[in-house]
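> Before we start, here is the structure in question, set down as structure tokens.
Only the coordinates and a few stated rules stand behind these numbers; no lab work does. Because the structure is predicted, anything quoted here is derived from the model rather than measured. Every residue, glycine among them, receives a Cβ derived from its backbone with ideal geometry; neighbour counts consider all protein chains shown.
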Amino acid sequence: MRFKSLSATVFGLTLLVTGSVVLILAQQQVNPTTVEQVMPTSTQEDETPSYYQGTEISTLEQEDATQTQKQVKTGATAAARIDYSRAEPIPAKKSINQGLTSPSAEYMKQVLGIPGDLTENCSTVQDSRLKKLMVAQDVGPFKITGFKPAVSVLKQIFAQVKQENPQLYSQLGTAGMLCVRKVRGGSNFSNHSWGTAIDIKINQKLDQTGDNKTQGGLKALYPYFHKEKFYWGAEFPTEDSMHFEASKELIARWKLEDVGNPNPPSSSKYWVDTFPNAPGYSSPGKNRTGTLNKGTNYVFCRTKGPKVQVGSNYNNWWLKTDLDSGNPRRNQWVSAYYLKRWGNNEAKDNNGREIPNC
């Protein structure tokens, strides 16, 4: 801004009038036009940034104000500083986790197997197949070890958070993901045991469990996790809002897609629906080994075997598949009697194609 000025000489001195300010200048030392050009735009000599006016500057804010390089990286600015670790009421439980279910330990064991020893504190993964599915990766704000498909989803979540809310992103930390142990105060495996659950810290602070409050950052994170079908522990009977875990629906999808299988079968898959849980055998009708859960499953091929009959319904075909539970689970057999939509002695996939002979 330029200031209009008037000047006059009195007793050998130059009076320069600009606004309500009168400057007395030596006539031969300063050119009034030069002063006009360099006049400050404010008369406040030590102006406090507007975002600190009228407020007490916390130690955290003072420290962050000096971390210019980190702020440039994350896009966070001191002017809009938010402490996402502050406690807030949790949302109404009916309003969160809609369409999602927390997977029980029994369900997790059926799908992913028994991870290891049931210990009070963290122990190592013992299941050889599950070991192959564990990865240690940088997911953006920190490094983590967990179930490969879950870690992949976390990378997507945090990339979106970084883009849309860099301040929140800059405050994210973790208390861990993979930890084979009991649920605290329980008698079964925690979902951390499969590396499908993660605990989030905000500003290096853990949320207080069971107080029905949550850190503001966890509440802000929830929509990102919900979109990717992660269940929020704020809805647990004992609130645990630092905890996010892959929902039963997401685990089921990974099962259907055979995501993360280190040894996928070489045969083509044919998708079928089974109406009850079907017993599995090591060979058609012999040596029970486990169970194929009802629902949509894949099979590889068919062969003739002992007839399975209930009332007037029967089937001689047997289907090669991978069971949901049991030992072993790979390349086992179930009767085509359990197919949902076909008649006697038929063995077709959901598209009506004949399943090929093995």
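> R0 = 51 Å: FRET efficiency of Phe275 with Ala136, Cβ-based, nearest 0.05?
0.80
> Let me ask you something else. In this model, which of Lys93/Lys148; Lys143/Lys219; Lys132/Lys248; Lys131/Lys304; Lys227/Lys255; Lys227/Lys320 are farther than 25 Å apart at the alpha-carbon?
Going by Cα-Cα distance, Lys93/Lys148; Lys131/Lys304; Lys227/Lys320 fall outside the 25 Å limit.
> Taking the beta-carbon count within 10 Å as an exposure proxy, list Cys179, Cys122 from fewest neighbours to most. Intermediate values should be presented prior to the final figure.
Values: Cys179 22, Cys122 14.
Final ranking by Cβ density, sparse to dense: Cys122, Cys179.
> Between the DSSP loop rule and a limit of at most 16 other Cβ atoms within 10 Å, which trypsin sites (Lys or Arg not before Pro) in segment 149-254 are left?
Of the trypsin sites (Lys or Arg not before Pro), the ones in loops of segment 149-254 whose Cβ has at most 16 other Cβ atoms within 10 Å are Arg184.
> Please name whichever of Tyr298, Leu319, Val272 sits farthest to the positive end of the charge dipole of segment 270-338, dipole taken about the Cα centre and charges placed at Cβ: Lys and Arg +1, Asp and Glu -1.
Positive-most Cα among the choices belongs to Leu319.
> Moving on. By count of other Cβ within 10 Å, fewest leading, how are Glu228, Glu120 ordered?
Glu120, Glu228
> Please report Trp232, Trp194, Trp342 as a ranked list, fewest other C-beta atoms within 10 angstrom at the top and most at the bottom.
The order, fewest Cβ neighbours first, is Trp342, Trp232, Trp194.
> Separate question: In nm², what is the average projected area of the convex hull enclosing the Cα atoms of segment 139-214?
5.6 nm²
> Calculate the spin-label point distance for Thr238 paired with Glu120, positioning each point 7 Å from the Cα along the beta-carbon direction, and give it in nanometres.
Label-label distance for Glu120 and Thr238, simple model: 1.4 nm.
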